[in-house]
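Some notes on the structure that comes next.
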Amino acid sequence: MPRKVDYGFRYEDDNYDVYEDYDYDYADDYDYEEEENGIAPVTKAKQEASRTGVWRCPICTYDNENSMSACDICGVLRNPLVKVNNKGDTAAAAAFKFDAPSPDDLVSNGLRSVKSKSKGEDSRGRGTNFLVESELAANGLVSSSTSVTRERHNGVEENDSTSGSGNKPETFNTRMDTESLPSKSGKARSIIERKTESISQYIPEKWMTPNNKDDGLSQLNLAIVGHVDSGKSTLSGRMLHLLGRISQKEMHKYEKEAKQQGKGSFAFAWALDESAEERERGITMTVGVAFFTSRKYHVVLLDSPGHRDFVPNMISGATQADAAILVVDASMGSFEAGIDAIGGQTREHAQLIRSFGVDQIIIVVNKMDVVEYSKERFDVIKQKLGTFLRSCGFKDSSILWIPASAMENQNLVANPSEARLSWFKGPSLLDAIDSLQLPERDYSKPLLMPICDVIKSQSQGQVTACGKLESGAIRTGSKVLVMPSGITATARSLERDSQLCNIARAGDNVTVNLQGIEGNQVTAGGVICHPDYPVQVTNRLQLKILVLDISTPIVMGSQLEFHIHHAKEAARIVKILSLLDPKTGNTTKKSPRCLLAKQNAIVEVVLQGPVCVEEYSSCRALGRVFLRSSGRTIALGIVTQVIKREE
Ligand code: GTP
Ligand code: MG
């Protein structure tokens, strides 16, 4: 019943309060000198060679053999050029040095993420993202991560998640040239110029704005997030069952099959964890999308994976959220693992969720049965997690606390029947969901729907695109423009909450059945838009970025993965225009040679293929980007300028 999707990825909002626990400021330790006479800037030196027999590149910090006169990694000339004797000793002391932390230092400081191999393995790597998101948010930048979405054929889904954290040292292929990247073959290239009268003159038609009388319940996109094994899928499955979305017959089938595989306790989770691998490993790997109806909303449940390897998928699903349920495991030791500063996904997910602009959160303290429904345990968790959530920028008034047991069906859709939970006088989870408020929707702008998934049915010749409308509206029979192919198609039918509907508006998560277009002209990462207001398409962009905890600086020519909504492209940094003061946003240095961890900068990137994009100021969802390398997110940012496409 649920739809399994690897969404794209998203980032944070700019209305984000500064984290109080943001204490990492080592970028400040670097003291740049202004570039003089066109000579490369030199960082203030503390030491060049940290080990004998090697010299450390001041740009990328790679420890080169003394026999090298240029850096083996980034090609930067050793400065000053040293005469190397036949023993390979360095003949001259370096005139410039800096003490950028080596990869080893970073590991020992817990600043690199380490990929855990299996469920239950305690991965000690620190999440790469959240420190950054806090600052990004504070600076009006945005965070995200990714997952790869493959198209589905004949309704059969193939998802392939890219791992969130690599355990191998991060290396960039760096080139100092700025030649054009080769273009990808097989991609539709037509670009439709945006009409100049454009968006300011756009007036939505009457049917595009909701009419409360006729429209029934609104959709609420609700992300279920939290540490691995906290019970997210079990909770989701249980809610779906209680609310009649999973029949008794289906439930019996899950129970029987789960038992047969020796995983009886996962029966409810199996409603969401559909793939053989997820069931065998007992973990969610891709976001499960399911629907239920509460008194106030059509709820779109986005059941996220908690395992750190799948943080990119969690991010991609959760970025569509209007609100979130953070599930924590009340068991002794489990809550503590989730809140741990190193590798705790309760912590990381909370920070990520906040960084996407989600400010309403329900905390389900799950597995209360394991702690005898103890009020003391609940209070300890509330106190510790509450302090942390406040430091992320959540307001006390926007946090709801629900003690529950998904396994024993306590406090989910009705008040608890368990006497040991009689001390709790608050709402049930379902009532808490109904108390959430919908965020504002952008009905006044033309249609923009990033495509997160494409379903092609060859037998019936149908093409269906899935995604959330970021702005505008669509109805059955609407002519739409599918970008980047530039083909006009007709919306033959629409489905919302697995039901046919006639109209979908901003905020709605829908599938659109398209007519008059070939399957290969609709791609995940593309955008469905109003025919007169095509989304911009380019392969050259100016970005404002915040660099994450990287060990290898970003230099001109660095090759990266570029992610924007559901699109991913190879990219190269072609200009580093300026460094920015993280607090004021003012330029502190023009044309720096490289970017280090925690620095804010304006850069220009060239992508291997074109992407659909808007400036962040005009559409947040289409203007949030992140840059990855070697399976790690290395920078987050927003699009400040869409530059004319390079052919
Ligand atoms: P990931 O998606 O992999 O992060 O895990 P998850 O958070 O979805 O957890 P899942 O629902 O797969 O449950 C993990 C284990 O916790 C299963 O064995 C569940 O039976 C168990 N579990 C879930 N909820 C409860 C609960 O309320 N009480 C008890 N005792 N066990 C629970
Ligand atoms: Mg799960």
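The values are calculated or read from the model by the stated rules, or taken from the named source; none is laboratory data. Just so it is clear, the structure is predicted and the values come from calculations on it, not from any experiment. Don't worry about glycine lacking a Cβ; one is built from the backbone with ideal geometry, like all the others, and counts go over all protein chains shown.
Tell me yes or no: at least one residue of region 377-391 is farther than 17 Å from Gly338 by Cα and either within 16 Å of ligand 2 (Cβ to nearest atom) or small (Gly, Ala, Ser) (or both).
Within region 377-391 (the criterion being farther than 17 Å from Gly338 by Cα and either within 16 Å of ligand 2 (Cβ to nearest atom) or small (Gly, Ala, Ser) (or both)), the answer is no, since none of the residues qualifies.
Out of everything in region 370-383 that is in contact (Cβ under 8 Å) with a residue 24 or more places away in the chain and not in a loop (DSSP other than H, G, I, E, B), what residue ends up being farthest from ligand 1 (Cβ to nearest atom)?
Among those that are in contact (Cβ under 8 Å) with a residue 24 or more places away in the chain and not in a loop (DSSP other than H, G, I, E, B), it is Lys375.
Would you confirm whether any residue within region 560-568 is at pLDDT 90 or above and of a type outside the set (A, V, I, L, M, F, W, C)? Please lay out each step first, then the result.
Step one: list which residues in region 560-568 are at pLDDT 90 or above, which gives 560.
Right, trim to of a type outside the set (A, V, I, L, M, F, W, C) and you get none.
No, region 560-568 contains no residue that is at pLDDT 90 or above and of a type outside the set (A, V, I, L, M, F, W, C).
Looking at (1) among the polar types (S, T, N, Q); (2) surrounded by fewer than 18 Cβ atoms within 10 Å (Cβ to Cβ); (3) in a loop (DSSP other than H, G, I, E, B), can you tell me which one Asn520 breaks?
The failed condition is (3).
All but one of (1) closer than 27 Å to Glu470 by Cβ; (2) touching a helix residue (DSSP H, G or I) at 6+ places or on another chain (Cβ under 6 Å); (3) within 11 Å of ligand 2 (Cβ to nearest atom) hold for Gly237, so report the exception by its number.
For Gly237, the failing item is (1).
Across region 344-363, what is the number of residues that are within 18 Å of His307 (Cα to Cα) and of a type in the set (Val, Ile, Thr)? Walk me through it before giving the result.
The first filter runs over region 344-363 and keeps only residues within 18 Å of His307 (Cα to Cα), leaving 344-353.
Narrowing further to those that are of a type in the set (Val, Ile, Thr): 346, 353.
Going through region 344-363 one residue at a time, the tally reaches 2.
Does Ala404 satisfy the condition of being small (Gly, Ala, Ser), under 22 Å from Ser236 (Cα atoms) and surrounded by 21 or more Cβ atoms within 10 Å (Cβ to Cβ)? Spell out the reasoning first.
Numbers: small (Gly, Ala, Ser): yes; under 22 Å from Ser236 (Cα atoms): yes; surrounded by 21 or more Cβ atoms within 10 Å (Cβ to Cβ): yes.
Considered against the rule, which asks whether it is small (Gly, Ala, Ser), under 22 Å from Ser236 (Cα atoms) and surrounded by 21 or more Cβ atoms within 10 Å (Cβ to Cβ), Ala404 comes out as yes.
Can you confirm whether Ser578 is farther than 22 Å from Met314 by Cβ and touching a residue at least 60 places away in the same chain (Cβ under 8 Å)? Quick ask: steps written out before the conclusion?
Values: farther than 22 Å from Met314 by Cβ: yes; touching a residue at least 60 places away in the same chain (Cβ under 8 Å): no.
Taking the combined requirement at face value, the residue does not satisfy it.
Name the residue that is farthest from the chain's Cα centre (by Cα), counting only residues in region 527-571 that are of a type in the set (Asp, Glu) and either in a strand (DSSP E or B) or closer than 19 Å to Ser591 by Cα (or both). Don't jump to the end; show me each part of the working.
Residues of region 527-571 that are of a type in the set (Asp, Glu), as a first pass: 532, 549, 561, 569.
This time we only want the ones that are either in a strand (DSSP E or B) or closer than 19 Å to Ser591 by Cα (or both), so: 561, 569.
Values: Glu561: 14, Glu569: 16 Å.
Here the answer is Glu569.
If the Cβ limit is 6 Å and pairs must be 6+ apart or interchain, which residue in region 557-574 that is closer than 13 Å to Cys452 by Cβ and touching a residue at least 40 places away in the same chain (Cβ under 8 Å) pairs with which residue that is aromatic (Phe, Trp, Tyr) and surrounded by 24 or more Cβ atoms within 10 Å (Cβ to Cβ)?
Close Cβ pairs (under 6 Å, with a partner that is aromatic (Phe, Trp, Tyr) and surrounded by 24 or more Cβ atoms within 10 Å (Cβ to Cβ)) amount to His563/Phe9; His563/Phe626.
Do we have any residue at all in region 384-399 that's assigned to a loop (DSSP other than H, G, I, E, B), crowded, with 18+ Cβ neighbours inside 10 Å and in contact (Cβ under 8 Å) with a residue 24 or more places away in the chain? If you could, list the steps in order and put the result at the bottom.
Pass one, region 384-399, residues assigned to a loop (DSSP other than H, G, I, E, B): 393-395.
Now drop any that are not crowded, with 18+ Cβ neighbours inside 10 Å, which leaves 393-394.
From what's left, in contact (Cβ under 8 Å) with a residue 24 or more places away in the chain: 393-394.
Looking through region 384-399, at least one residue is assigned to a loop (DSSP other than H, G, I, E, B), crowded, with 18+ Cβ neighbours inside 10 Å and in contact (Cβ under 8 Å) with a residue 24 or more places away in the chain.
For the subset of region 408-455 comprising residues that are free of Cβ contacts under 8 Å to residues at least 60 places away in the same chain and small (Gly, Ala, Ser), which member is nearest to Arg620 (Cα to Cα)? Break it down into steps so the answer makes sense when it comes.
In the first step, residues of region 408-455 are kept if they are free of Cβ contacts under 8 Å to residues at least 60 places away in the same chain; the result is 408, 410-411, 414-428, 431, 435, 440.
Now drop any that are not small (Gly, Ala, Ser), which leaves 414, 417, 419, 422, 426, 428, 435.
Values: Ala414: 37, Ser417: 44, Ala419: 47, Ser422: 44, Gly426: 35, Ser428: 34, Ser435: 26 Å.
Out of the qualifying residues, it is Ser435.
Do any helices (runs of 4 or more DSSP H) entirely within region 261-369 hold 3 or more residues that are free of Cβ contacts under 8 Å to residues at least 12 places away in the same chain, within 15 Å of ligand 1 (Cβ to nearest atom) and within 22 Å of the chain's Cα centre (by Cα), and if so, which? Quick ask: steps written out before the conclusion?
On the way: elements: 276-281, 311-318, 334-339, 345-355.
Fully inside region 261-369 and qualifying: nothing.
What single numbered condition from (1) under 22 Å from Val358 (Cα atoms); (2) among the aliphatic types (A, V, I, L, M); (3) more than 12 Å from ligand 2 (Cβ to nearest atom) fails to hold for Ala337?
With respect to (1) under 22 Å from Val358 (Cα atoms); (2) among the aliphatic types (A, V, I, L, M); (3) more than 12 Å from ligand 2 (Cβ to nearest atom), Ala337 is out only on (1).
Within the set of pairs 6 or more residues apart or between chains, which connect a residue that is in contact (Cβ under 8 Å) with a residue 60 or more places away in the chain inside region 492-506 to a residue that is among the aromatic types (Phe, Trp, Tyr) and assigned to a strand (DSSP E or B) with Cβ atoms less than 8 Å apart?
Qualifying pairs under 8 Å: Asp497/Phe291; Ser498/Phe291.
Looking only at region 334-353, decide whether some residue is polar (S, T, N, Q), in contact with a helix residue (DSSP H, G or I) (Cβ under 6 Å, 6 or more places away or on another chain), farther than 17 Å from Ser236 by Cβ and surrounded by fewer than 24 Cβ atoms within 10 Å (Cβ to Cβ).
No, the conditions are met nowhere in region 334-353.
Residues of region 212-245 being away from ligand 1 (no atom under 12 Å from the Cβ), hydrophobic (A, V, I, L, M, F, W, C) and under 21 Å from the mean Cα position of the chain (by Cα), which ones?
Leu220, Leu222, Ala223
Out of everything in region 176-212 that is modelled with pLDDT of 60 or more, out of contact with any Phe, Trp or Tyr (no Cβ under 9 Å at 6 or more places or on another chain) and not acidic (Asp, Glu), what residue ends up being farthest from ligand 2 (Cβ to nearest atom)?
The first filter runs over region 176-212 and keeps only residues modelled with pLDDT of 60 or more, leaving 198-212.
Now drop any that are not out of contact with any Phe, Trp or Tyr (no Cβ under 9 Å at 6 or more places or on another chain), which leaves 200-201, 203, 205-207, 211-212.
Now restrict to residues that are not acidic (Asp, Glu): 200-201, 203, 206-207, 211-212.
Values: Ser200: 45, Gln201: 47, Ile203: 44, Lys206: 42, Trp207: 39, Asn211: 38, Asn212: 35 Å.
That would be Gln201.
Can you say whether Ser233 is closer than 13 Å to Ala271 by Cβ and surrounded by 24 or more Cβ atoms within 10 Å (Cβ to Cβ), as far as the supplied structure shows? Quick ask: steps written out before the conclusion?
Details: closer than 13 Å to Ala271 by Cβ: yes; surrounded by 24 or more Cβ atoms within 10 Å (Cβ to Cβ): yes.
So Ser233 fits the description; yes.
Is it the case, given these coordinates, that Asp303 is touching a Lys or Arg at 6+ places or on another chain (Cβ under 8 Å), away from ligand 2 (no atom under 13 Å from the Cβ) and within 30 Å of Gly467 (Cα to Cα)?
On the way: touching a Lys or Arg at 6+ places or on another chain (Cβ under 8 Å): yes; away from ligand 2 (no atom under 13 Å from the Cβ): no; within 30 Å of Gly467 (Cα to Cα): yes.
No, not satisfied.
Among the numbered conditions (1) at pLDDT below 95; (2) in contact with a Pro (Cβ under 9 Å, 6 or more places away or on another chain), tell me where Phe388 comes up short.
The single condition Phe388 does not satisfy is (2).
Given the conditions (1) over 30 Å from Ile528 (Cα atoms); (2) at pLDDT below 95; (3) more than 12 Å from ligand 1 (Cβ to nearest atom); (4) buried (at least 19 other Cβ atoms within 10 Å of the Cβ), which single one is not true for Gln248?
Tallying (1) over 30 Å from Ile528 (Cα atoms); (2) at pLDDT below 95; (3) more than 12 Å from ligand 1 (Cβ to nearest atom); (4) buried (at least 19 other Cβ atoms within 10 Å of the Cβ), Gln248 fails exactly one: (4).
Considering only residues of region 507-555 that are touching a residue at least 40 places away in the same chain (Cβ under 8 Å) and among the small types (Gly, Ala, Ser), which is nearest to Ala567 (Cα to Cα)?
Gly525
Quick one: which strands (runs of 3 or more DSSP E) lie wholly within region 456-512 and hold at least 2 residues that are of a type in the set (Gly, Ala, Ser)?
On the way: elements: 462-468, 473-475, 479-483, 487-496, 499-501, 503-505.
Where strands (runs of 3 or more DSSP E) fall fully within region 456-512 and carry at least 2 residues being of a type in the set (Gly, Ala, Ser), they are 462-468, 487-496.
Mind listing whichever residues of region 400-427 are acidic (Asp, Glu) and either outside any loop (DSSP other than H, G, I, E, B) or in contact with a helix residue (DSSP H, G or I) (Cβ under 6 Å, 6 or more places away or on another chain) (or both)? Before the answer, list the steps.
Going residue by residue through region 400-427, those that are acidic (Asp, Glu) are 408, 418.
Residue satisfying the conditions is Glu408 alone.
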